[in-house]
Amino acid sequence: MDNLQLTPAQTFSLFDTNKPQRVNLCAMLVADIEDGLADPLKVQTHIKMLEDIINTLTNTDVSKNKNADIAKRYRSLVMDAAAKYGAKFELHNAAFSVSEVGVRYDFSMCGDPYLERIEKDKVRADAELKTRQELLKTVPVTGMEIIDTETGEAVTIYPPSKSGTTALKTTLK
């Protein structure tokens, strides 16, 4: 069953679909919205709710998930269940592999003076970059003439181009 072909009377589980079926489901959902058969704001609310559930279960970063303890417990349960099957296995229409992810190194105890100098230079350069970018945001559209302090050359600078996308922010209650 490569494509998900459903009539309104049919029922199915999202959890029993493969990638092409899920893509087809999304296309059908958009078509239903376009045809006036589904409320786009209700669909958006449901999507945000699913994202909230996913974040609560998977994000163990306390700064981004006030319920990180739930995520940590969930991760532990998942890893315990996976341990019963080995490092790589397939189950429930998914391939699983246990691997080391998110590896981080702490260089603070290395005592390398060269690294320390580079880190200080980076902090200084990042601060200078941010200050200069903030200045460039204030340059008039017509431009502004400045003198390059390194070359003594007069140059015209312009503000950065700005782009964005209008979106509907959705906050769950």
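The values are calculated or read from the model by the stated rules, or taken from the named source; none is laboratory data. Owing to the predicted nature of the structure, the values given are computational and were not obtained by experimental measurement. Note that we place each Cβ from the backbone using ideal geometry, even for glycine, and neighbour counts take in every protein chain shown. The accessibility values were calculated without ligands, DNA or RNA, using every heavy atom of the protein model including side chains. Shrake-Rupley method; radii C 1.70, N 1.55, O 1.52, S 1.80 Å.
State yes or no: is Tyr105 among the aromatic types (Phe, Trp, Tyr), more than 21 Å from Phe15 (Cβ to Cβ) and part of a loop (DSSP other than H, G, I, E, B)?
yes
Quick one: which of Thr56, Thr45 is in contact with a helix residue (DSSP H, G or I) (Cβ under 7 Å, 6 or more places away or on another chain), hydroxyl-bearing (Ser, Thr, Tyr), within 27 Å of Leu172 (Cα to Cα) and open to solvent by less than 60 Å² (accessible area, probe 1.4 Å)?
Exactly one residue qualifies, and that residue is Thr56.
Looking at Lys130, Lys84, which is the one that is free of Cβ contacts under 8 Å to residues at least 60 places away in the same chain, among the basic types (Lys, Arg), out of contact with any helix residue (DSSP H, G or I) (no Cβ under 6 Å at 6 or more places or on another chain) and exposed (fewer than 10 other Cβ atoms within 10 Å of the Cβ)?
Answer to the check: Lys84.
For Phe96, state whether it is surrounded by 10 or more Cβ atoms within 10 Å (Cβ to Cβ), under 22 Å from the mean Cα position of the chain (by Cα) and not in a helix (DSSP H, G or I).
When the stated conditions are applied, Phe96 passes them.
Looking for something open to solvent by less than 70 Å² (accessible area, probe 1.4 Å), β-branched (Val, Ile, Thr) and without any contact (Cβ under 8 Å) to a residue 60 or more places away in the chain - is there at least one such residue anywhere in the stretch 16-36?
Yes - at least one qualifying residue is present in the stretch 16-36.
Does Gly111 count as touching a Ser or Thr at 6+ places or on another chain (Cβ under 6 Å), on the phi > 0 side of the Ramachandran plot and small (Gly, Ala, Ser)?
Here the answer is no, as Gly111 does not meet what is asked.
Looking at Thr156, Thr131, Thr138, Thr165, which one is among the hydroxyl-bearing types (Ser, Thr, Tyr) and at pLDDT below 95?
Being among the hydroxyl-bearing types (Ser, Thr, Tyr) and at pLDDT below 95 holds for just one of Thr156, Thr131, Thr138, Thr165, which is Thr165.
Can you name the condition, by its number, that Asp61 falls short on among (1) under 21 Å from Lys173 (Cα atoms); (2) within 20 Å of the chain's Cα centre (by Cα); (3) not aromatic (Phe, Trp, Tyr)?
Status for Asp61: all satisfied but (1).
Within the stretch 108-149, work out how many residues are under 29 Å from the mean Cα position of the chain (by Cα) and in a loop (DSSP other than H, G, I, E, B).
So the count comes out to 1.
Is at least one residue of the stretch 71-78 within 23 Å of the chain's Cα centre (by Cα) and in a strand (DSSP E or B)?
Scanning the stretch 71-78, I find no residue that is within 23 Å of the chain's Cα centre (by Cα) and in a strand (DSSP E or B), so the answer is no.
Looking only at the stretch 30-70, how many residues end up being under 20 Å from Val101 (Cβ atoms), of a type outside the set (Gly, Ala, Ser) and not in a helix (DSSP H, G or I)?
Qualifying residue count, the stretch 30-70: 6.
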